[in-house]
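Working notes for the structure below.
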Amino acid sequence: MKKAGFKLLVVAITIFSFNSVFAQSPCDTVATLCENNITKQYISDGQNYRALLLDDEIAEFNMVLYGGSTYRFAACSGFSNGNLIFSVYDRERNLIFTNKEHSNAPYWDFKITNTLDCIIEAQLDPNVSASGCAVLLVGFKQ
Amino acid sequence: MTTRFNLKNQALLLSLTAFFAVSCGDDQPKDDSTETVEVEEKNANNTQLLELDGKVFSIPSPIQTAYLIKGAGVTYNKDILNVPSKVTGYSTNFKKAVNLGIYGADLGYVTLYDQTQDAISFLTAVKTLGDDLGVSSAFDMELVERFEKNIGNQDSVLSLVSEAYKSSDKYLKNNDQNHIGALVLAGGWVESLYFTTNSAEMTSNKEIINRVGEQKNTVYNLIKLLTPYYDQPEFSTLVDDLMELNDIFEKVEITYTFVEPTVDVAKKTTTINSTTTVNISPEVLKQITEKIGKIRAELIS
């Protein structure tokens, strides 16, 4: 009985490990594809924003956007564009933008006149996918 | 809005593992009910998942502050930078990580001021620390070669450096070293605020002073980023110092007024028309300057 229990534990750990591998590799691939949306005139903000989403989970990214800059947000999931819905809110929860109104556009530029403290929410388009890695990339130019 | 995770699948798998580990044919029923909770995920599968109740906190790039300072006509001042040769004295991962961020900010600064020789020195320091922290793949010889090849082209060099830091951030998160990644961000932010307060003091430039005040929200974000690691060596001092700094920033008044943004669909551009005014008294500016100076002095020592 103990041997059977031990074998089953090994199986469970193996399943966990495969889950880990599959979780990390798709995120890296998604990020690489997403980078195509951040063109050369934008400088990366130097950070990785990723989340594994299931069903209707929402990822929340908190950031400050400086006045006088233009930012590009690229938001991706899966291996094609249009799978991720992202919305930008200010701290008072006024909706600044949502790509849902623009066919889930994979990127959008934001020209900031005055510094803005904002929240970006990202969720999978339920019509496309029930789970996946959400990647957000941020670039800026002066 | 708070992010919630549906842990049904993961809770089930965890339950299965526990079940097989300790039982011999126990007939306890599985719990299939959906459980939605707000938790901090910390396993290898979720190194890229959100932490802190499902929220991710971003720290602005130090390069943007350098742009502001240079754009305001502030002259190059090497004295405000950390000395590259001190790199060999940083022995703990804490000091290495935070100074990787500090030297990165310095590198951005000298690059914007076309200080080629200084840039090479800082790049060397960055590479040394990157190697020590195990992110040598981000700061490899190829980066050095491309950097040297593009010297003179600010945008290309800044892009290269930023991409290297992003690559480093990715590696650290993939390898469950989020605390090191957070320290790199912290170091970059401390250094850029140090530049900003120094420049504000020298010039009394309104835009630069406002930029100091605008850090009110970022210092809060940074504290949230570092707090999960409070129990680790050296983190508590930094977090405590940042909380004291945050208390000073509470005296900065920021007034925000929402104005409907303007959308240009063809250009895929939204212009933010909302206004933000910053009210920071000379006394509060002085307090922030002194406090960030002390924090920074401790980090680079």
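Just name the residue that is surrounded by the most Cβ atoms within 10 Å (Cβ to Cβ) out of those in region A:54-76 that are of a type in the set (A, V, I, L, M) and at the interface with chain B (Cβ under 7 Å from one of its Cβ atoms).
Within region A:54-76, the subset of a type in the set (A, V, I, L, M) is A:54, A:58-59, A:63-65, A:74-75.
Add one more test, that the residue is at the interface with chain B (Cβ under 7 Å from one of its Cβ atoms), and what stays is A:54, A:58-59, A:63-64.
Working: A:54: 15, A:58: 20, A:59: 27, A:63: 25, A:64: 19.
Checking each candidate, the answer is A:59.
Against the definition (touching a strand residue (DSSP E or B) at 6+ places or on another chain (Cβ under 6 Å), on the phi > 0 side of the Ramachandran plot and assigned to a strand (DSSP E or B)), how does residue A:132 come out, yes or no? Judged against the criteria, residue A:132 is a match. Of all residues in region A:40-53, exactly one satisfies the criterion of being more than 7 Å from chain B (Cβ to nearest Cβ) and aliphatic (A, V, I, L, M), namely A:53. Against the numbered list (1) more than 10 Å from chain B (Cβ to nearest Cβ); (2) more than 19 Å from residue B:63 (Cβ to Cβ); (3) part of a strand (DSSP E or B); (4) touching a Phe, Trp or Tyr at 6+ places or on another chain (Cβ under 8 Å), residue A:33 comes up short only at (3). Within the set B:175, B:198, B:150, the sole residue that is among the polar types (S, T, N, Q) and without any contact (Cβ under 8 Å) to a residue 60 or more places away in the chain turns out to be B:150. The residues on offer are B:252, B:284, and the sole one that is touching a helix residue (DSSP H, G or I) at 6+ places or on another chain (Cβ under 6 Å), under 24 Å from residue B:72 (Cβ atoms), more than 9 Å from every other protein chain (Cβ to nearest Cβ) and surrounded by 14 or more Cβ atoms within 10 Å (Cβ to Cβ) is B:252.
All of the numbers you see were taken from the coordinates with simple rules; none came from a lab. Since this is a predicted model, take the numbers as computed values, not measurements. Please note: Cβ atoms are built from the backbone with ideal geometry, for glycine as well, and neighbour counts cover all protein chains shown.
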